[in-house]
Each structure stands twice: as C-alpha cells, then as structure tokens.
1. Between A:D45, A:D69, A:D31, A:D83, which is among the acidic types (D, E) and in contact with a Leu (Cβ under 7 Å, 6 or more places away or on another chain)?
2. Tell me, which strands (runs of 3 or more DSSP E) lie completely within the stretch B:41-92 with 1 or more residues that are open to solvent by 30 Å² or more (accessible area, probe 1.4 Å) and more than 9 Å from chain A (Cβ to nearest Cβ)?
3. Contact list please: Cβ distance under 9 Å, first residue in the stretch A:27-55 and away from chain B (no Cβ under 11 Å) and closer than 11 Å to A:R5 by Cβ, second residue in a loop (DSSP other than H, G, I, E, B) and open to solvent by less than 10 Å² (accessible area, probe 1.4 Å), pairs at least six apart or on different chains.
4. Regarding A:R20, is this residue farther than 22 Å from B:P29 by Cα and more than 13 Å from the chain's Cα centre (by Cα)?
5. Taking the stretch B:12-34, which residues are part of a loop (DSSP other than H, G, I, E, B) and surrounded by 17 or more Cβ atoms within 10 Å (Cβ to Cβ)?
6. Are there any pairs with C-beta distances below 7 angstrom linking a residue in the stretch B:18-35 that is of a type in the set (G, A, S) to a residue that is crowded, with 17+ Cβ neighbours inside 10 Å and at pLDDT 95 or above, with the two at least 6 apart or on different chains, and if so which?
7. With the requirement that a residue be of a type in the set (A, V, I, L, M, F, W, C) and over 13 Å from B:L24 (Cβ atoms), what does the stretch B:38-63 give you?
Amino acid sequence: MHFARVVGTVVCTVKVPAWRSHRTLLIQPTDSQGAPHGRTIVAVDLVSAAPGQRVFYVRGREAANALPDPDNPADAAIVGIVDEVRESPWTGPGDRG
Amino acid sequence: MFVARVVGEVVATIKHAELAGHKLLLVQPVTPRDRPTGRPAIALDTVDAGPGDLVIVADEGNAAAQVLRRGRGAVRTVVVGVVDEIAEESRGRG
C-alpha cells in the first residue's frame, strides 16, 4: 500500500455494475512526507475520502478484492484515511554500512 | 519479497475492515548494505516488528492471504519476518 492525496472526483454515470455504489476519485501518489510521486491515478473509494485528504491505497488484484463484489476491474482502491504517520528516525545504514 | 527497515507506523482509524487488528508499518526497502532504495510502502505487521527493525516484506496477494489465514482479499503487503542478520556470501554489488 502507498500514500496519496485525494485531488479530485472522477464522475462516471455510465460504469461497470460492480462500481455502481462507489465513487471513483482522482488521487496523487505521494511519499511519506506528502511530496508527489508519479502521475495521478483513478481509484475506487472505499472509505468516503474527501478532496485534500491524505489516504493510502492498494493496487492490483487486491484492489478489486477490496470491494464487496470482487468481480470488478478495479486496479486501485483507497483503503484508508491517514490520521498520523509516526516516523521513527532513520538510523541510516546499520553496521553493515 | 524484499528486505526493508521499519521506519514508522501509520495511524488510521478509518480503514478497510481487513486491515483492522494489525499495525500498519511504514517500511523503507533497503539494499543488503542497508541503504534506502525505492519508495517507502505501508505493510501490515504479522510478526510484531518494531521501529528500526530489519524485516522481510511479502508483496503479493496470495502470500498475504496465507499469512492472514483467510481467502484472497484486500491485503497484499505484509511483514513476514524480522531479520537477525544478512550473511552475504559473494562480495557482489550491494
């Protein structure tokens, strides 16, 4: 799973039946500090995320499996809203340096 | 699977049901020489790894399903081992 920020909503009235009760959001993948990483992607929203919120998402088969009906074409799904990231200081290369 | 350092924990009260009951660890992939390589990921802890631990991370749905002892689901990235030591045999490029 990776971090992202919700940057928009992709409105689709015509879509596959399995997504009928789900919104598709536009998310910008980020690193753990929030800096953008790569291009925006469309993800199925499973946690009622709002624009601007920091979320995390899963890619691949697990994204489709995250929906109640796993038979759907999702390859990205938002599975959590970030409250806080408690980073322990990076101690740098260990004795193996 | 890849080797990573646990560099933090992600707190999220609103999350997918399958993530409940497990800590979400921030893992930084590292080379065998313990140098960061690539983007940190969020992994479900299944071995009680702590901050700073060197760990093995499995990043595949079937592996996660087996470790969590349930059918294929929403989880794919799981911490599956705490590394005591990496004994490199050949002095290849780290």
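1. Sole residue among the options that is among the acidic types (D, E) and in contact with a Leu (Cβ under 7 Å, 6 or more places away or on another chain): A:D45.
2. It comes to B:54-59, B:77-82.
3. A:I27/A:A49
4. yes
5. Of everything in the stretch B:12-34, those that are part of a loop (DSSP other than H, G, I, E, B) and surrounded by 17 or more Cβ atoms within 10 Å (Cβ to Cβ) turn out to be B:A12, B:H16, B:K23, B:D34.
6. So the pair list comes out empty.
7. B:V47, B:L54, B:V55, B:I56, B:A58, B:A63
The values are calculated or read from the model by the stated rules, or taken from the named source; none is laboratory data. No experiment lies behind these values; they were computed from the predicted model shown. Every residue, glycine among them, receives a Cβ derived from its backbone with ideal geometry; neighbour counts consider all protein chains shown. For accessibility, only protein heavy atoms count, side chains too; no ligands or nucleic acids. Shrake-Rupley method; radii C 1.70, N 1.55, O 1.52, S 1.80 Å.
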